[in-house]
Amino acid sequence: LKAKGIPFRTESDTEVLASALQVWGIKALSMLNGMFAFVAFDVSNREFLAARDPFGVKPLYVVQSDAGFLFCSEIKPLLSATEKGDVHLVPPGYVLTRKICAGYRSAVGGAFAGQSEGDVRELDRLLADAVRIRLPHDLPVATKLSGGIDSTLVAHYARMHRPDAPGYFLGTKDAPDYRYAEDYARLSGIELRVVPFEPESPETLAHIGEVVTVSESFEPAVIRGAICSYILSEAIHHDGYRVALCGEGADELFAGYLPIEWAFAAGQDEGRSVRDQCLAQMHSVVLQRVDRCSMRFMLETREPFLDPRVAAYALDLRGDALVATSNGKPRGKKPLRALYDLYPDQLPASIRDRTKMLFDEGAGLDLKRPGWTHLFEETISDRDFRDGCHRYDAYGIRTKEELFYLRTLAASMDISRVPHLRGRIYLNLPLGVETAMRDSGAI
């Protein structure tokens with residue numbers, strides 16, 4: 001823009017965006033690298049352009065009422081602003097004007113052959129730069145460090161430029177993930193700040209209502225992790241940080257989840273199908289919990305793995321470049337594990353070789369223990385559950401936990417005016433993949 005003679009009065013990204021839209025119009029969206037949801041309004045002709053980033057990191061909702069179009073990053077304010085009209089979700093990678101609502105060509109877009117063998121040195125360069133450009137130049141920064149492959153890599157690259165950046169771990173020293181985070185801290189020297197988390201304590205259970213309201217979801221896959229994100233974000237905010245980096249997006253892109261691993265083991269097309277489903281739903285699961293719970297405490301969490309260059313690299317890899325075989329079973333994240341071999345004196349082999357564990361499980365939430373499920377059994381009787389399933393038939397309730405969350409959400413908003421809440425999180429696995437997983441004991 002400067003090369004085109006565009007003057008700048010600030011260093012604000014908002015000014016860059018406004019100028020880019022003036023110069024290139026909708027084509028500017030393909031040049032953006034980062035997370036965004038915005039509405040640009042042209043005061044000269046009263047036209048608007050609303051858009052959301054390709055992966056849907058940032059939320060954007062809209063109501064079309066008698067007064068026109070109303071936009072917000074949350075659902076509840078829109079319901080309060082007008083008594084008419086449903087609240088609709090602007091999909092990731094979409095643009096909305098008075099005349100169109102359609103996907104736009106983004107920096108992540110394009111047809112990927114999925115035939116690349118990959119180059120670990122190239123991935124090292126791309127991921128290092130993706131982390132670098134997401135480090136604030138004028139603010140202190142923290143990393144969310146679970147001890148997993150992804151968050152450890154983000155912390156590693158961040159420390160190249162900001163060695164003072166601490167890593168925040170959620171859980172006690174008895175949590176499954178703790179020993180891995182400690183391994184990295186011992187090897188790297190990072191300041192490891194442990195945020196206490198007792199899943200079955202009254203204090204934690206008391207957070208559930210607030211977390212459901214903040215997350216604006218009733219999906220257990222969202223709420224369980226959101227409770228962890230909420231407590232962790234509050235602690236980081238309390239220490240004075242406004243920006244944190246995390247490893248979200250790596251599991252979806254680099255085949256870190258069991259269904260993606262086993263689907264790629266079945267074939268290239270099967271693997272890409274399941275991975276595409278996970279990427280398409282990411283905005284309503286992990287990204288929703290991370291963004292809502294972080295922004296609740298004025299903490300901006302950034303995701304380097306969702307950099308368009310890193311995403312394009314992953315999407316163009318062959319299945320056997322993503323998933324290897326270990327002890328007769330598929331094991332994903334082959335490219336990310338290879339990065340650990342580039343830095344053996346800084347990145348522990350124990351983390352490189354570990355298996356995937358969900359964030360909440362690694363922090364200590366064990367669904368097999370009675371404390372967590374007891375809350376829902378104690379609150380909702382069998383009769384209440386039958387009545388609730390009938391009342392909320394459109395939402396496909398399957399457990400008392402889901403009904404507990406949905407009733408909590410319904411108490412804070414008119415869910416009947418939010419159609420997308422009826423669309424449940426679901427993976428359509430290729431024929432034989434789920435059977436293979438069950439036969440192997442993976443599920």
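Annotation note: Cβ proximity below 7 Å between a residue of segment 79-97 that is within 11 Å of Val62 (Cα to Cα) and a residue that is open to solvent by 30 Å² or more (accessible area, probe 1.4 Å) and part of a loop (DSSP other than H, G, I, E, B) (sequence gap 6+ or interchain) occurs for Leu79/Asp414. If you go through segment 254-264 one residue at a time, do you hit one that is part of a helix (DSSP H, G or I), over 20 Å from Pro59 (Cα atoms), of a type outside the set (Phe, Trp, Tyr) and out of contact with any helix residue (DSSP H, G or I) (no Cβ under 9 Å at 6 or more places or on another chain)? Scanning segment 254-264, I find no residue that is part of a helix (DSSP H, G or I), over 20 Å from Pro59 (Cα atoms), of a type outside the set (Phe, Trp, Tyr) and out of contact with any helix residue (DSSP H, G or I) (no Cβ under 9 Å at 6 or more places or on another chain), so the answer is no. Being in contact with a strand residue (DSSP E or B) (Cβ under 7 Å, 6 or more places away or on another chain) and farther than 21 Å from Phe55 by Cα: is that true of Lys334 here? Yes: the conditions hold for Lys334. For segment 389-419, a residue qualifies if it is in contact (Cβ under 8 Å) with a residue 40 or more places away in the chain, among the acidic types (Asp, Glu) and assigned to a helix (DSSP H, G or I), and the qualifying residues are Glu401, Glu402. Inside segment 38-79, residues that are hydrophobic (A, V, I, L, M, F, W, C) and open to solvent by 40 Å² or more (accessible area, probe 1.4 Å) make up a count of 7. Working only within segment 389-409, note down all residues that are open to solvent by less than 30 Å² (accessible area, probe 1.4 Å) and of a type outside the set (Val, Ile, Thr). If the condition is that a residue be open to solvent by less than 30 Å² (accessible area, probe 1.4 Å) and of a type outside the set (Val, Ile, Thr), then Tyr392, Tyr395, Lys400, Glu401, Glu402, Leu403, Tyr405, Leu406, Leu409 are the ones that fit. The set of residues from segment 49-77 being touching an Asp or Glu at 6+ places or on another chain (Cβ under 8 Å) and at pLDDT below 95 is empty. Among what's in segment 37-90 and is in a loop (DSSP other than H, G, I, E, B) and of a type in the set (Val, Ile, Thr), pick the residue that is nearest to Ala312 (Cα to Cα). Across segment 37-90, the extreme among qualifying residues is Val57. The set of residues in segment 174-205 that are assigned to a strand (DSSP E or B) and without any contact (Cβ under 8 Å) to a residue 40 or more places away in the chain contains only Val194.
I'd like to know if segment 369-381 contains one or more residues that are under 21 Å from the mean Cα position of the chain (by Cα) and either assigned to a strand (DSSP E or B) or touching a residue at least 60 places away in the same chain (Cβ under 8 Å) (or both). The answer is no; no qualifying residue exists. Given the criteria buried (at least 24 other Cβ atoms within 10 Å of the Cβ) and either on the phi > 0 side of the Ramachandran plot or outside any loop (DSSP other than H, G, I, E, B) (or both), does Glu248 qualify? Spelling it out, it is not the case that Glu248 is buried (at least 24 other Cβ atoms within 10 Å of the Cβ) and either on the phi > 0 side of the Ramachandran plot or outside any loop (DSSP other than H, G, I, E, B) (or both). No other residue among Ala311, Ala338 is among the small types (Gly, Ala, Ser), within 24 Å of Ala155 (Cβ to Cβ) and open to solvent by less than 10 Å² (accessible area, probe 1.4 Å) apart from Ala311. The number of residues in segment 175-203 that are buried (at least 21 other Cβ atoms within 10 Å of the Cβ) and β-branched (Val, Ile, Thr) comes to 1. Being closer than 29 Å to Thr355 by Cα, open to solvent by 30 Å² or more (accessible area, probe 1.4 Å) and assigned to a helix (DSSP H, G or I) narrows it down to one of Arg438, Arg424, Arg386, so name that one. The unique qualifying residue is Arg438.
The values are calculated or read from the model by the stated rules, or taken from the named source; none is laboratory data. Note that this is a predicted model, so its numbers are computed, not measured. No Cβ is skipped: glycine too gets one built from the backbone with ideal geometry, and neighbour counts run over all protein chains shown. To get the accessible areas, we keep the full protein, side chains included, count just its heavy atoms, and leave off ligands, DNA and RNA. Shrake-Rupley method; radii C 1.70, N 1.55, O 1.52, S 1.80 Å.
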